[in-house]
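The values are calculated or read from the model by the stated rules, or taken from the named source; none is laboratory data. Small disclaimer: the values here were computed from a predicted structure and weren't measured. Heads up, the Cβs are rebuilt from the backbone with ideal geometry, glycines too, and the neighbour counts pull from every protein chain shown.
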Amino acid sequence: MSLRLSCAWISILLILPGLSHGGKLLVVPMVGSHWLSMQEVVEKLSQRGHEVVVLVPEVSWQMETTQAYKVVTYPVRQTLEELDNAFREYVTMHLTQKPFPLNALAMYKASVHVFSTFFGQCKDLFRSQETLRFLNQSGFDAILTDPFFMCGAILAHHLSLPFVFFMRGFPCNLHFSASQSPSPLSYIPRLFSFNSDRMTFFQRVENTLISLLELDYCNGLFGQALELSSEVLQRDVSLTDLVSPAAIWILRFDFVFEYVRPVMPNMVFVGGINCAKEKPLPKISFMLFDRLMKGPLNLTNKAKNNAIT
Ligand SMILES: *[C@@H]1O[C@H](CO)[C@@H](O)[C@H](O)[C@H]1NC(C)=O
C-alpha cells in the first residue's frame, strides 16, 4: 500500500461513523516524530469537514501547526529546558554501550525518567480546571490520540468519550495483551529478545522469561499514569482497563517489519512512519540493503529468506 493511500485509508476509517456530516474530534498528540506522522492525518480529517481541535501544552517542542485546525493550549509548570534535558539523557543512554543486563536496566531507568518528565504535562492538564471544563463543554464526538504517554486515554475516560489510538506500539506487548490478541510465546518473539519467529528451545525459554517480566515492568514504567488515572477516575485502574476500550487501533507499522501475528478486527496496520511524505527512497538505501544482504553481516540463506518472507 502506498503511503499516500494509507493516509486516505486512515481518514476514511475515522470518518465512517459520520459520513453525512462532520464530527467534532479532539486530538491529543505527542511531540516530536510522533506528531510528524499524525499531523498529516489530522489535516486530512479537517479538510474532510470535521471540526478538529488539537490539545497541546503551552510549553512544548515546537509543533508546526496550520490553519486547518484549532489549537487549544493548557498551562504547564515545566520549562523547555527540563524537557530537553530529560530527552537528551534518554538519547545519550541509547548511544552508550553497556553489557547485558546493565544496558536493559539503564534503558529502563532512562525511560522512566523521560516518561515522568513528559507526564508532568498530563498532570498539569488535570490541574487546569478551566481547560477540563472547556473540553467537557465542547461536546466532542471522539478523541484521536497517540497513546504512548497515556494522557489521551486518561482524558477519554474522564470525559467518557470513545477513543482511537494512532500509534507505533507499547512496550510489554501491551497493545496485544490488552486487546486480547493471541500471542503464543513459541512463535512471537518478545521485544528486546532479538529472536525470530523460529526459535530454538532455549530461545523459547528466554522468550517466556521476558514475557514474565512484561507482566510487571510496564506497571513501573507507567506507574505515574496509573496513579493519575486512579485519582482522576476515583477507582483502581490497570493498564488494561485504560487502553483496552480503544475503539480503533491504527497501528503505524506493517506486517513486513514485524512478525505475522493474529490481531483483533479493530486493529489496522497502516504502515509507514511519516505518511504522505511519499518521496522515493534514495538509491543509496537500496545499495546499503543489498550490501547488508550479501556482505558484511554474512547472513545465511535461511536468515535471508526469513527476512524477506
Ligand atoms: C461534563 O458536563 C456534564 C454536563 O454539563 C456534567 O454532567 C459532567 O459531570 C461533566 N463531566 C466532567 C468530567 O466534568
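Numbers for the structure displayed
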item	result
Hey, F118 closer than 21 Å to Y90 by Cα, modelled with pLDDT under 95 and out of contact with any Pro (no Cβ under 6 Å at 6 or more places or on another chain) or not	yes
Filtered residues of region 218-256 (kept if under 15 Å from M167 (Cα atoms), at pLDDT below 95 and assigned to a helix (DSSP H, G or I))	F255
Qualifying residue in region 188-201 (condition: part of a helix (DSSP H, G or I) and surrounded by fewer than 17 Cβ atoms within 10 Å (Cβ to Cβ))	yes
Matching entry among T117, T145 (being of a type in the set (S, T, N, Q), closer than 30 Å to E81 by Cβ, touching an Asp or Glu at 6+ places or on another chain (Cβ under 7 Å) and away from the ligand (no atom under 16 Å from the Cβ))	T117
Residue in region 193-211 that is among the aliphatic types (A, V, I, L, M) and without any contact (Cβ under 8 Å) to a residue 12 or more places away in the chain present	yes
Residue tally, condition of a type in the set (D, E) and either touching a residue at least 60 places away in the same chain (Cβ under 8 Å) or closer than 20 Å to Y217 by Cβ (or both), over region 87-131	2
Residue within region 194-210 that is touching a Phe, Trp or Tyr at 6+ places or on another chain (Cβ under 8 Å), among the charged types (D, E, K, R) and either farther than 28 Å from P265 by Cβ or modelled with pLDDT under 95 (or both) present	yes
From F170, F201, F194, F176, residue being over 23 Å from L251 (Cα atoms) and among the aromatic types (F, W, Y)	F201
Looking only at region 148-160, and only at residues there that are in contact (Cβ under 8 Å) with a residue 12 or more places away in the chain and near the ligand (Cβ under 10 Å from one of its atoms), the one that is surrounded by the most Cβ atoms within 10 Å (Cβ to Cβ)	L155
